[in-house]
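Each reported figure results from applying straightforward, stated rules to the coordinates on display, with no laboratory input. Computed from a prediction, not measured in an experiment: that's the story for all the values here. Note that we place each Cβ from the backbone using ideal geometry, even for glycine, and neighbour counts take in every protein chain shown.
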Amino acid sequence: MLYPNVEELRLNYLQIMQEPSFQKEFHDLLRDYVGRPTPLFKANRLSEKYHTTIYLKREDLCHTGAHKVNNTIGQILMAKRLGKNKIVAETGAGQHGVATATVCALMGLECIVYMGAIDIERQAPNVARMRMLGATVVAAQSGSKTLKDATNEAMRHWINNPVDTHYIIGSVVGPHPYPDMVARFQSVISEEIKWQLKEKEGKENPDYVIACVGGGSNAAGAFYHFLDATETKLIAAEAAGQGVASGHSAATTFLGKEGVLHGSRSLLMQTEDGQVVEPYSISAGLDYPGIGPMHAHLFKTGRAQFFAIEDEEALASALELSQLEGIIPALESSHALAVLPHLKAKKDEIVVINLSGRGDKDLGTYMKRLNLI
Amino acid sequence: MNRIDKVFAEKNGPVLNIYATAGFPNFDDTLTVIKSLSEGGADIIEIGMPYSDPVADGETIQMANQVSLDQGMSVAKLFDQLKDLRKEVQTPVILMGYVNPVLQFGIEKFCQKCAEVGVDGLILPDLPMAEYLAEYKSIFDRYGLYNIFLITPQTSDDRIRYIDEHSHGFIYMVSSASTTGAKTGISEEQEAYFKRIAGMNLKNPRLIGFGISDNDSFLKASKHASGAIIGSAFVKLLSTSKNIKLDIVNFLHSILK
C-alpha cells in the first residue's frame with residue numbers, strides 16, 4: 001500500500017542527492033544552521049583514565065542538541081524537491097521530532113509528529129519544543145504506546161496521505177531507500193572525523209570508532225566512511241536495559257532474530273510466534289525493537305563488534321564524562337562511553353567516540369538516578 | 001478448481017467478502033464465525049492472523065488483533081482451530097496477515113498447513129511483489145495458494161497491469177488512500193477511480209475494500225467491480241455482540257437485502 005510513496009522516493013533520491021544545487025543547499029545549511037563541522041575533541045582526562053587516546057565527535061553541539069538534525073535537513077530538502085508540502089514523522093524521546101519540527105519551521109512546511117502516549121508523558125519538554133516550533137504532536141494510543149507504535153501511526157498517516165506528504169524517518173530503518181538515505185545524510189559525521197583526525201594525528205583512520213545503536217542512525221553516520229578501512233574497528237553499543245537476560249532490554253543483536261518490521265528485513269526482538277516484543281532501556285532513544293539492516297549485516301559479518309550496556313553502566317559513564325571533561329552527554333551517547341572499561345585499548349591507539357547528543361533532555365532521569373536533587 | 005475461482009465463475013450478482021480477526025471476540029470463536037458467515041451468505045471469508053503491529057489496519061482491527069493476541073492466538077493455534085474447516089464449510093477462506101509471523105512459522109510449513117486445512121489464498125500487505133516473485137511464489141504455487149495483491153488510487157496503470165499478470169483469484173482494490181476503517185461511504189472521486197480501473201479490462205476480477213460498511217456502500221462499490229469486502233464494520237459488530245451467530249446472520253441480511 002505504501003508502494004507508490006516509497007517507489008517515488010526510491011527512483012529519485014540518489015539523483016536528487018547528487019544534484020549540485022542540492023549538495024550546496026545541504027552543506028550550506030549544515031554549516032550555517034546546524035553549526036558543522038562539529039569539533040573532534042581530544043578528551044585528555046578521559047584518555048588518562050583509560051590509558052589510551054580518546055577523541056569525542058561532538059554531535060551534541062549540533063543545533064537542537066543531537067545528530068538527528070543532519071538527516072532532517074537532508075530529508076526536508078528532498079521533500080521540497082519531490083513537491084511535498086507536508087511532513088510526518090515519528091519520535092521516541094522527542095529528539096527526532098524536535099529536529100523535524102525545527103526544519104519544518106525553517107522551510108515553512110506543515111509538520112505532524114506521532115509520539116507514543118507514554119513517551120508524551122515522559123518527555124514533556126520535547127513535546128513543548130515541538131509545539132513551540134509549530135508542529136502538531138499526535139499521541140499514538142495503540143499497542144504499547146511508545147516508539148514502535150508511533151512509527152506504525154506515522155506509516156498509517158502516510159498511507160492515508162500519499163500525495164502531498166513526505167515521511168521523515170529518523171533512523172536507518174523502514175523500507176528501502178530509507179536506511180540507505182538516512183545513512184548517507186548522517187555520513188557527514190565520519191567524513192569530518194577523517195579530515196579532522198588527519199589534521200590532529202596525521203592519519204585518517206582511528207583504531208576504534210564507538211557509537212550507540214538503537215535503530216542505528218548515528219552509528220551508521222560514524223561508521224560510514226570507515227566501512228572499508230579494516231584497520232578501524234567498529235564498535236556498537238546496544239542498550240541492555242536492566243540486563244540482557246532480565247526481560248527488560250533493547251539489545252537486539254543479543255536477543256533478536258531475523259524478521260520483518262516497518263518494511264525492513266533485519267534483526268528483530270520478537271516472540272517465537274513472530275510478534276514484536278516491546279523493548280526497554282533507560283534511554284528512550286535506544287528502545288526500538290529492531291536495528292537497521294546495515295547494522296544487522298555488520299553484526300553477522302563480524303565487521304562491527306556489539307556490546308550490551310546496562311542502564312547502570314550508562315549512568316556511571318554519563319557522570320564520569322561530566323566530571324572529567326565538563327560535558328553532560330545524552331543517555332544514548334553514554335552507552336557508547338560505557339564501552340571504554342570493556343575495550344582495553346592500548347596507550348598509543350586512537351579511539352573515537354561519537355557523542356551523539358547532549359544530556360539536557362535527560363536531566364530528569366539524571367536527577368532521580370544520580371541523586372542530584 | 002480453486003474455490004475462489006469457483007465463486008467468481010458461478011456467482012450471479014456481487015461477491016461479498018467478509019473479514020474477521022481470528023480468535024475474536026473470544027479465542028474459540030474462529031470457526032463459529034466462519035460457519036455463521038458461510039450460512040448467512042458470505043461468498044468469501046477472510047480470516048485475519050493477528051499481529052502486534054498491523055500497519056495497514058486502523059484502530060478497530062488493531063484492537064481486535066491485540067485482544068486475540070492477549071487471548072493467546074498464534075499461527076499454530078489458528079491452524080489447530082481450522083483443522084476441521086472443510087468438514088463444515090465449503091466457502092473459500094483467505095488468510096490475511098503480516099509477513100513476520102508467517103516467516104517465523106516457516107514459509108513452507110505455513111503453506112503446507114494452509115493446503116492441509118483447506119485455505120485457498122493469502123493476503124500479506126507487507127510482502128512486496130518483488131520478494132513474492134523471487135522467494136515465495138513457487139512455494140505458494142506448489143500448495144495451490146492464491147496470493148492476493150492490493151492496489152490503491154495511487155497505483156500506476158503499469159503496475160496494475162503487472163499485478164494483474166501475476167495475480168490469481170482476484171485483485172483487492174483499496175477504495176481510497178487509507179488504512180482499514182478510516183473512512184466510510186463512497187465519494188464521487190472514488191467512483192471515478194473505480195470506473196477507471198473497470199475500464200482497464202483486467203484479467204482478474206476485482207473486489208473493493210476499505211470503507212464498505214453497509215448495503216448502500218456494498219452496492220455502490222459492486223457496480224464497478226465483481227463485489228466488495230467488509231472488514232472493520234463487521235469487527236465492530238463482533239466486538240459488541242452478545243449472540244454472535246444471530247448477529248452475523250442479521251448483519252449479512254442487512255448487507256444483502
(request) Could you grab me the full set of residues in the stretch A:238-255 that are surrounded by fewer than 23 Cβ atoms within 10 Å (Cβ to Cβ) and either out of contact with any Phe, Trp or Tyr (no Cβ under 6 Å at 6 or more places or on another chain) or not β-branched (Val, Ile, Thr) (or both)? (result) A:GLN242, A:GLY243, A:ALA245, A:SER246, A:GLY247, A:HIS248, A:PHE254, A:LEU255
(message) Just the residues that are under 16 Å from B:MET129 (Cα atoms), among the hydroxyl-bearing types (Ser, Thr, Tyr) and within 14 Å of another protein chain (Cβ to nearest Cβ), please, taken from the stretch B:158-185.
(response) B:TYR162, B:TYR172
(request) Count, please, the residues in the stretch B:228-257 that happen to be loosely packed, with under 14 Cβ neighbours inside 10 Å and among the basic types (Lys, Arg). (result) 2
(message) Between a residue in the stretch A:1-13 that is facing chain B (nearest Cβ under 9 Å) and any residue that is acidic (Asp, Glu), which pairs come within a Cβ distance under 9 Å, given they are 6 or more apart or on different chains?
(response) A:MET1/B:ASP126; A:LEU2/B:ASP126
(message) I'd like to check something: does the stretch B:91-107 contain any residue that is under 26 Å from A:GLY290 (Cα atoms), of a type outside the set (Ser, Thr, Tyr), part of a helix (DSSP H, G or I) and more than 11 Å from every other protein chain (Cβ to nearest Cβ)?
(response) yes
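Residues that are within 26 Å of A:GLY215 (Cα to Cα) and in contact with a helix residue (DSSP H, G or I) (Cβ under 7 Å, 6 or more places away or on another chain), at least 3 per element: which helices (runs of 4 or more DSSP H) completely within the stretch A:330-373 meet that?
In the stretch A:330-373, A:331-337, A:363-369 are the helices (runs of 4 or more DSSP H) which contain 3 or more residues that are within 26 Å of A:GLY215 (Cα to Cα) and in contact with a helix residue (DSSP H, G or I) (Cβ under 7 Å, 6 or more places away or on another chain).
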(message) Under 7 Å between Cβ atoms, which residue pairs at least 6 apart in sequence (or on different chains) link something in the stretch A:272-301 that is free of Cβ contacts under 8 Å to residues at least 12 places away in the same chain with a partner that is among the aliphatic types (A, V, I, L, M)?
(response) A:ASP273/B:VAL75; A:GLN275/B:LEU69
(request) State all residues of the stretch A:226-267 that are more than 14 Å from chain B (Cβ to nearest Cβ), within 21 Å of B:SER52 (Cβ to Cβ), hydrophobic (A, V, I, L, M, F, W, C) and in contact (Cβ under 8 Å) with a residue 24 or more places away in the chain; if no residue qualifies, say none. (result) A:ALA239, A:ALA250, A:ALA251, A:PHE254
(message) Going through A:TYR55, A:TYR13 one at a time, which residue ends up being assigned to a helix (DSSP H, G or I), of a type in the set (Ser, Thr, Tyr) and crowded, with 18+ Cβ neighbours inside 10 Å?
(response) A:TYR13
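Can you find a residue that is in a loop (DSSP other than H, G, I, E, B), surrounded by 22 or more Cβ atoms within 10 Å (Cβ to Cβ) and within 14 Å of another protein chain (Cβ to nearest Cβ) anywhere in the stretch B:127-145?
No; the residues of the stretch B:127-145 include none that is in a loop (DSSP other than H, G, I, E, B), surrounded by 22 or more Cβ atoms within 10 Å (Cβ to Cβ) and within 14 Å of another protein chain (Cβ to nearest Cβ).
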(message) I'm told B:GLY121 meets every condition in (1) within 14 Å of chain A (Cβ to nearest Cβ); (2) surrounded by 14 or more Cβ atoms within 10 Å (Cβ to Cβ); (3) closer than 27 Å to B:MET1 by Cα; (4) not acidic (Asp, Glu) except one. Can you identify the failing condition by its number?
(response) (1)
(request) Please enumerate the residues belonging to the stretch A:141-192 that are more than 10 Å from chain B (Cβ to nearest Cβ), among the small types (Gly, Ala, Ser) and either touching a residue at least 40 places away in the same chain (Cβ under 8 Å) or not in a helix (DSSP H, G or I) (or both). (result) A:ALA150, A:GLY170, A:SER171, A:GLY174, A:ALA183, A:SER187
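I'm trying to understand the selection: among the residues of the stretch B:64-81, which are outside any loop (DSSP other than H, G, I, E, B) and surrounded by fewer than 18 Cβ atoms within 10 Å (Cβ to Cβ)?
Passing the criteria: B:ASP70, B:ALA76, B:LYS77, B:ASP80.
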